[in-house]
Structure formats: structure tokens, C-alpha cells
1. In this structure, is Lys220 more than 18 Å from Ile4 (Cα to Cα) and open to solvent by 50 Å² or more (accessible area, probe 1.4 Å)?
2. Condition (residue is more than 13 Å from the ligand (Cβ to nearest atom) and either within 23 Å of Val57 (Cα to Cα) or part of a loop (DSSP other than H, G, I, E, B) (or both)) applied to the range 188-198: is it met by at least one residue?
3. Return yes or no: is Lys188 within 18 Å of Gly125 (Cα to Cα), open to solvent by 10 Å² or more (accessible area, probe 1.4 Å), out of contact with any His (no Cβ under 9 Å at 6 or more places or on another chain) and free of Cβ contacts under 8 Å to residues at least 12 places away in the same chain?
4. Just to be sure I understand, how many residues within the range 134-174 are open to solvent by 70 Å² or more (accessible area, probe 1.4 Å), in a helix (DSSP H, G or I) and within 13 Å of the ligand (Cβ to nearest atom)?
5. In the range 199-218, what residues are more than 15 Å from the chain's Cα centre (by Cα), more than 9 Å from the ligand (Cβ to nearest atom) and under 17 Å from Asp172 (Cα atoms)?
6. Restricting the search to the range 124-143, which residues are among the basic types (Lys, Arg) and either farther than 16 Å from Ala167 by Cβ or touching a strand residue (DSSP E or B) at 6+ places or on another chain (Cβ under 9 Å) (or both)?
7. Somewhere in the range 219-231, is a residue without any contact (Cβ under 8 Å) to a residue 12 or more places away in the chain and away from the ligand (no atom under 11 Å from the Cβ)?
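The values are calculated or read from the model by the stated rules, or taken from the named source; none is laboratory data. Because the structure is predicted, anything quoted here is derived from the model rather than measured. All Cβ positions, even for glycine, are placed from backbone atoms using ideal geometry, and neighbour counts span all protein chains on display. In case anyone asks, the SASA skips ligands and DNA or RNA and just uses the protein heavy atoms, side chains included. Shrake-Rupley method; radii C 1.70, N 1.55, O 1.52, S 1.80 Å.
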Amino acid sequence: MKLIIGNWKMHPYFADEAKRIFSSVKKTASKLGNVNTVICPPFVYIHELKKISKGKVALCAQDLFHETAGPYTGEVSGEMLKDVGAEFVLAGHSERRGMGETNSDVSLKVQAAHKAGLTAVVCIGETVRDQSGSYLDHVARDLRESFSKVQKKNLKKCIVAYEPVWAIGKGDSLPPELIEEMAIFITKNLSDLYGQDEGKAVPVLYGGSVTGRNAEEIIKRGGVDGLLVGHESLNPESFMEILKAAEKA
Ligand code: PGA
């Protein structure tokens, strides 16, 4: 079973447009037997979209705050997200990290997600790729620190999304053989932290300029369990192609 997550980021402008895109994704998703489809809309659309999802497309929030409730103006807790229908939540997306979020913040968010009964999609990835291989240290550190509060029993509520920051929104994805290398590296690191069987059981997704044209290749040859798709997930035609590619692979 492949997992395809569409991250809408701060789009679309209108609730009606969100419903229209979501309904067309649902139509394709409900015909597929080998793909779990998940959409991450802005917070304000989650509740409405949940009502029309009919269990065919799961909902994922794009972020959460680590406290349950309290004097935190502008924040949203995992419990609130769960209550309006989210099953998943992104933690540590590179665009949040770019606004100052650290691995230590991410670790609190992952812990809060689990407390609320949500599955955490932990986003990690290097900002640059250099010849010296320091990107491997970057990814290992992101993993170690972002997972620092995850107990073994909660590992089944974790997904890792590997997104090299330099490939996000740029039109160029990482070649499949390098994605495969990183997927193995991530699983090895998780196995070192939690044990081999536990580490292997954590799904690893790839994200960063996934399109209808490269999705099949990445899934077939990239050794990943699915994809985290950004801008192409807002275009129902492209996202449909990605879902179909995942179904075939
Ligand atoms: P992209 O974004 O597919 O537009 O590169 C991926 C993401 O931000 O998760």
C-alpha cells in the first residue's frame, strides 16, 4: 500500500474551491486499491472537507501547537485538530523550519500529536547538498532530535517525509537512486535508535517537486513508501496522475 499526501500549503483562497478540488481527488482516490490518499488543507477547511470525505481521503493538518489548550493566541492543538477530523499532522515542514522552528520544537509537536491520537508526519531534509556528504549528518541529526521524545510504542504513529529543502517547489526532484540511498539511510538510523524491526516498520516518503511525470519512477526506483506532494496536489489533473502512478507502481 502506498501513501500519497497532498500538501496544499496556504491555498486555495476560497472554501468552495477547496471543496471542488477535494471532491475531484476523492473521485479518483475511491477507485484505487493500492493507495491511501491524504490531503493537508489549511486548518480552516479541515472540518468541512472531513464531512465530504466519506472515508475515501484522510485529512492531515499542516502544523499544530504542542500545548493542549491555554493562552496561546493564534495556535491550534492536536486535540482540536483530531476533533474536527484530522488523522495526521505534519511536523517540521521545511517552510515552518524556515520561519524559525527547530528540531526541539518539532520533537514537542510530535509528542503532542501522539498525545492527541494523531499520526505525525515528521519532515526532515538537508538545505544543501555538498560533496563532503555533510547532508547525511544533517538528516541523521534531524531524525535523532525530532524523534527524541518518541517512545518505541508510539513509533507506529510516525511517518518520515524526506524532503531535501533545495528540491521543494523548484521543479527538480532528486534522482530515484539518490532517494533510495536516503530512504535506506533513514531506516538504518531509525533501526539504530529503536531496533531493526521497529525502524523498518516506519514508512518513509519522498517530497520535493514530485509531478505526474516523475512520480512512477520515484515510487518504483526510489525505495519509498509514498510521496509528499506540494504544488502539484492543487491541480486535480496532476494529482490524479500521481495517484494513478502510485497505484501502478
Ligand atoms: P513541492 O512541495 O512538491 O511543491 O516541491 C513539497 C512540499 O512542500 O511538501
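1. No.
2. Of all residues in the range 188-198, those more than 13 Å from the ligand (Cβ to nearest atom) come to 188-198.
Subset that is either within 23 Å of Val57 (Cα to Cα) or part of a loop (DSSP other than H, G, I, E, B) (or both): 195.
Yes: one or more hits.
3. Values: within 18 Å of Gly125 (Cα to Cα): yes; open to solvent by 10 Å² or more (accessible area, probe 1.4 Å): yes; out of contact with any His (no Cβ under 9 Å at 6 or more places or on another chain): yes; free of Cβ contacts under 8 Å to residues at least 12 places away in the same chain: yes.
For Lys188, the condition - within 18 Å of Gly125 (Cα to Cα), open to solvent by 10 Å² or more (accessible area, probe 1.4 Å), out of contact with any His (no Cβ under 9 Å at 6 or more places or on another chain) and free of Cβ contacts under 8 Å to residues at least 12 places away in the same chain - is met.
4. Final tally of qualifying residues: 1.
5. Taking the range 199-218 and keeping what is more than 15 Å from the chain's Cα centre (by Cα), we get 199-201, 211-218.
Imposing the further condition that a residue be more than 9 Å from the ligand (Cβ to nearest atom) reduces the set to 199-201, 212-218.
Result: Gly212, Arg213, Asn214, Ala215, Glu216, Glu217, Ile218.
6. Arg141
7. Checking the range 219-231: not a single residue is without any contact (Cβ under 8 Å) to a residue 12 or more places away in the chain and away from the ligand (no atom under 11 Å from the Cβ).
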